[in-house]
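Novice: Sharing a structure with you now.
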Amino acid sequence: MVYKVGMVSLGCPKNQIDAEAMLKKLCDAGFEITPYEAEADVIIVNTCGFIEEAKREAIDNILDVCRYKAEGNLKAIVVTGCLAERYKQEVLDELPEVDAVVGIGKNGDIVQIINRALSGEKFCTFAEKTQLDINSPRMLSTPFYTAYLKIAEGCDNCCTYCAIPMIRGRFRSRKTGEIVKEAKQLVDLGVKEIVLVAQDTTRYGEDLYNRKMLPQLLDELCKIEGLKWIRMLYTYPDRITDELLDTMAKQQKVVNYLDIPIQHCNRNILKRMNRTGDRQGLIDLLKKIRTKLPDVTIRTTLITGFPGEDLAEFEELCEFVKEAEFDRLGCFAYSEEEGTIAAEFEPKVDKQIRFDRAETVMNDQYTIVTKKNRLKIGTSQEVLVEGYDKYIKMYFGRTKHDAPDIDGKVFFKSDCSLQTGEFAEVKITDILEYDLLGERI
Ligand code: SF4
């Protein structure tokens, strides 16, 4: 009998890549991968678990697939990913409908694990985090023209509020040769855009080659014929070097897009986060980046309501956001995570105030984004065509300024039919909240 496997993958692209590696192993072992949960014999819920909200989403998804067991076809539920790695046996104790809980170090044994779960066993299985094979071949779950590419796993930055180092382990780079080999395979499959991910992409190579090697990696990737866009996510402000910026300026294929989570701008708050810098230092960094890369798009992430954040420090953050004028920004209310250093910090900021502050920042950012988007009216942009919306009768896609899954889109009319995955030149005619409107030229 050929068993059907469903996969629900949550959280970040790094976790998605782990899911793709498990799917490849299962497919090679003769399982059928199905997108329809209702017909699955076993469902893997590949969880995220680094903050409260993500944990809730993971549990909701697990409880959601449980109904297929009640309805009869589903035989087993397997929980993998960060929630499983972080809470281990507790997941099985709290959720008796679950059949297996798998630590990230055991992803490689997913075929045996699924067979054990299908045979009716209930169990947990874990191994050293470093057992996670970060070179494992994958079955892509992204659209054919774009793919995430993990260049390292784990993190050594140890921000006081963050649970990721204790979930994912120490920072470990992949060998450059392995990354380039996989990138070539992706391009052979039709991938045009590769998005480099890690918890800190700018630390790439420090462990393996005793130096920062991201610029060299980019140079190697740029040699790949057929690859159009190379994008980096999760860079660390302290590790944005002149060498990296010069490589971005030199290499056409490397899109001028920098995702730099900075979390805050106040020196004291950053210090208590075990991060460095201050407002002026960050403004100077942005100035340097924009001088070297005039058309650069800068994305960031901020946290409001970190323990001890008083009104003055929050107001400084708001002024900084207005001064910095990020192109893309996500702001999250602080979530104390058990086992992290900051969870013990006092005084705590009232939960509602944390959310109100995040909302204030996002409202200010909305004004900045719409102002910047209006400046794009009348310009022409190269757009990666992602599809056609038959309801609004428009094509949609992304420019090099838009990362997949997290940024806005361009919706545009075209007098000729276009293929998904091709590039089109689009004149921007208007804006719609975070998105752009246009027509093909
Ligand atoms: S750099 Fe990111 S992943 Fe690493 S500890 Fe800090 S917040 Fe967590």
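The values are calculated or read from the model by the stated rules, or taken from the named source; none is laboratory data. These numbers come from a predicted model, not from an experiment. All Cβ positions, even for glycine, are placed from backbone atoms using ideal geometry, and neighbour counts span all protein chains on display. Note: accessible area is taken over every heavy atom of the protein model, side chains too, but ligands, DNA and RNA are not part of it. Shrake-Rupley method; radii C 1.70, N 1.55, O 1.52, S 1.80 Å.
Novice: When you go through (1) over 28 Å from MET248 (Cα atoms); (2) part of a helix (DSSP H, G or I); (3) open to solvent by less than 40 Å² (accessible area, probe 1.4 Å) one by one for THR367, which number turns out not to apply?
Specialist: All conditions pass for THR367, except number (3).
Novice: Another question, then. Could you grab me the full set of residues in the stretch 158-195 that are open to solvent by 20 Å² or more (accessible area, probe 1.4 Å), within 22 Å of ASN210 (Cα to Cα) and within 16 Å of the ligand (Cβ to nearest atom)?
Specialist: If the condition is that a residue be open to solvent by 20 Å² or more (accessible area, probe 1.4 Å), within 22 Å of ASN210 (Cα to Cα) and within 16 Å of the ligand (Cβ to nearest atom), then CYS158, PRO165, ARG170, ARG172 are the ones that fit.
Novice: When only residues in the stretch 379-405 that are more than 25 Å from the chain's Cα centre (by Cα) and of a type in the set (A, V, I, L, M, F, W, C) count, which is nearest to ASP295 (Cα to Cα)?
Specialist: MET394
Novice: Report whether or not ALA312 is farther than 28 Å from ASP242 by Cβ, within 24 Å of the chain's Cα centre (by Cα) and free of Cβ contacts under 8 Å to residues at least 40 places away in the same chain.
Specialist: no
Novice: Could you count how many residues in the stretch 390-441 are over 25 Å from LEU233 (Cβ atoms), in contact (Cβ under 8 Å) with a residue 40 or more places away in the chain and not in a strand (DSSP E or B)?
Specialist: 1
Novice: Which one is nearest to the ligand (Cβ to nearest atom), of the residues in the stretch 28-53 that are open to solvent by less than 40 Å² (accessible area, probe 1.4 Å) and over 30 Å from PHE355 (Cβ atoms)?
Specialist: Selected residue: ILE44.
Novice: LEU233 - would you say it is within 16 Å of the ligand (Cβ to nearest atom) and touching an Asp or Glu at 6+ places or on another chain (Cβ under 6 Å)?
Specialist: yes
Novice: Checking ASN135 against (1) touching a helix residue (DSSP H, G or I) at 6+ places or on another chain (Cβ under 6 Å); (2) within 16 Å of the ligand (Cβ to nearest atom); (3) in a loop (DSSP other than H, G, I, E, B), which test does it fail?
Specialist: Answer for ASN135: the failing condition is (2).
Novice: Out of ARG86, ARG67, ARG56, I need the residue that is in contact (Cβ under 8 Å) with a residue 40 or more places away in the chain and either open to solvent by 10 Å² or more (accessible area, probe 1.4 Å) or within 16 Å of the ligand (Cβ to nearest atom) (or both). Which one?
Specialist: Matching residue, one of ARG86, ARG67, ARG56: ARG86.
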